[in-house]
Amino acid sequence: MKKIAFFPGDGIGPEISSCARQVLECVMDLGGPAVEIQEGLVGGAALDAEGEPLPAASLDLALAADAVLLGAVGGPKWDGLPPEKRPEQGLLRLRKALDLYANLRPAQIFPQLVDASPLRPELVREVDILVVRELTGDIYFGEPRGREEVDGKRRAYNTMVYDEDEIRRIARVAFRAAQGRRGKLCSVDKANVLECTRLWREVVTETAQEFPDVQLEHLYVDNAAMQLIRYPAQFDVLLTGNMFGDILSDEASQLTGSIGMLPSASLGEGRAMYEPIHGSAPDIAGQDKANPLATILSVAMMLRHSLAAEAWALRVEKAVTAVLDQGLRTADIAPPGTPVIGTAAMGNAVVAALRGGSA
Ligand code: NAD
């Protein structure tokens with residue numbers, strides 16, 4: 001039986017992840033893949049209980065699991081702590097320990113929520129993008145890095161570096177993802193200026209030979225940023241390095257207009273972590289106001305990528321579509337002046353839709 005490490009975290013984390021857990025348990029109940037869910041502490045909750053943002057027991061739990069399901073971490077209560085003691089460190093250490101090198105962020109517009117996008121409806125109606133971002137290399141981790149004073153002047157530097165193996169393994173993730181979607185891959189670089197991304201383009205082009213059924217194009221990052229606003233529906237899978245992906249995936253997520261709807265997966269070799277893209281939203285924590293759908297959609301990604309249960313992933317996604325069709329909205333996705341429901345009611349509605357009934 002597959003093992004799931006379950007870390008609700010802080011702020012709205014426990015509320016949204018309890019809905020996600022309910023959905024996962026419902027899937028099991030209906031005959032989906034059987035999993036063993038083991039709960040642990042991470043972030044501020046772990047700091048309060050154990051004095052560490054990622055206690056050894058939590059790390060062991062994650063390392064022994066096939067997948068991690070995480071709510072969110074952080075909050076003002078811990079903001080004054082030194083950097084190495086902050087809740088976010090728990091998350092960063094977890095990602096590093098699991099060697100999660102591929103970050104998958106779908107930015108899909110639900111037709112029912114087209115009006116929530118900052119772009120005109122005709123531009124976003126067809127948007128269904130998967131950003132595949134490399135997560136463990138690039139200028140964020142490259143050496144040398146540092147800051148110094150030379151001749152009385154301050155200077156600082158970082159190094160953008162990738163080797164061909166790192167590029168090939170993330171490219172393969174993106175090509176495979178494109179095979180399961182519309183068969184289009186756009187690789188983003190700055191090959192006109194940066195040697196590192198010239199190698200990126202070279203290796204991605206070589207890797208394309210393994211995937212003749214995928215149509216590959218290359219875009220410079222500045223053009224990609226522009227195209228995402230000008231005509232976002234042209235993209236299927238966007239493949240990026242760590243830094244370009246950091247920026248473009250946030251841009252892509254905003255096309256859909258609703259941070260509470262977007263799931264993510266971070267994949268390594270045989271390990272994975274699933275979480276919503278948003279944070280712990282301390283401003284609405286404990287008020288039954290948070291939208292749990294991003295976390296529920298993260299469960300769908302887990303079913304797809306870690307539990308080899310594509311049909312169940314689709315069923316969960318369909319249940320989410322069904323509750324939106326019923327007109328159910330949490331506050332973040334409701335047009336002004338229209339009725340809203342709370343976190344728990346939204347979770348229950350998805351479970352009811354999964355079971356085939358209505359909310
Ligand atoms: P945030 O994503 O928590 O919140 C931004 C805004 O979006 C807030 O107004 C919040 O109410 C709203 N929001 C977020 N998720 C929502 C949901 N599911 N439903 C409805 N509204 C939602 O970002 P922030 O305010 O910059 O950060 C708050 C805390 O979260 C900080 O401590 C930060 O470090 C942490 N954080 C954690 C993660 C993570 O755990 N992966 C990611 C980002 C930020």
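The values are calculated or read from the model by the stated rules, or taken from the named source; none is laboratory data. Just so it is clear, the model here is predicted, and its values are computed rather than measured. Counting neighbours? That spans all protein chains shown, and the Cβs are built from the backbone with ideal geometry, glycine included. Keep in mind that these areas ignore ligands, DNA and RNA; they rest on the heavy atoms of the full protein, side chains included. Shrake-Rupley method; radii C 1.70, N 1.55, O 1.52, S 1.80 Å.
Structure values in brief
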{"item": "Whole-angstrom gap from region 10-44 to region 249-280, using each part's C-alpha centre", "result": "17"}
{"item": "Size of electric dipole in region 78-208: Cβ of Lys, Arg +1 and of Asp, Glu -1, about Cα centre, debye, nearest 20", "result": "300"}
{"item": "C-alpha center-to-center spacing [region 211-228, region 154-189] in angstrom", "result": "11"}
{"item": "Gyration tensor over alpha-carbon atoms, the chain, equivalent ellipsoid semi-axes in Å", "result": "32, 26, 21"}
{"item": "Selection from 159, 191, 228 lying farthest towards where the dipole of region 118-255 points positive, charges on Cβ", "result": "228"}
{"item": "Dipole axis of the chain (+1 Lys, Arg; -1 Asp, Glu on Cβ), positive-most option in 73, 313, 327", "result": "327"}
{"item": "Anisotropy class of region 118-255 from Cα gyration tensor, a/c 1.5 cut", "result": "oblate"}
{"item": "Amide H partners (placed H, <5 Å) of residue 131, local residues excluded", "result": "105, 107, 238"}
{"item": "Value at 222 nm in deg cm²/dmol, rounded to 500, when DSSP H runs of n ≥ 4 in the chain each add -39,500 (n - 2.57)", "result": "-12500 deg cm²/dmol"}
{"item": "Choice from 23, 237, 193 showing the highest fluctuation, given a GNM over the chain with Cα pairs closer than 10 Å", "result": "193"}
{"item": "Euclidean distance of C-alpha centroids, region 50-67 and region 103-125, integer Å", "result": "35"}
{"item": "Interchain or long-range residues, amide H under 5 Å from residue 2's placed H", "result": "36"}
{"item": "Relative packing of peptides 63-69, 308-314 - highest average C-beta neighbours within 10 Å first", "result": "63-69, 308-314"}
{"item": "Fraction of accessible area attributable to carbon and sulfur, the chain (%, probe 1.4 Å)", "result": "52"}
{"item": "Per residue value of the accessible surface for the chain (all protein chains in place, 1.4 Å probe), Å²", "result": "44"}
{"item": "DSSP beta bridge pairing in the chain, given as percent antiparallel to the nearest 5", "result": "45"}
{"item": "Theoretical gain in end-to-end length, residue 81 to residue 39 [0.36 nm per residue, Cα-Cα removed]", "result": "12.6 nm"}
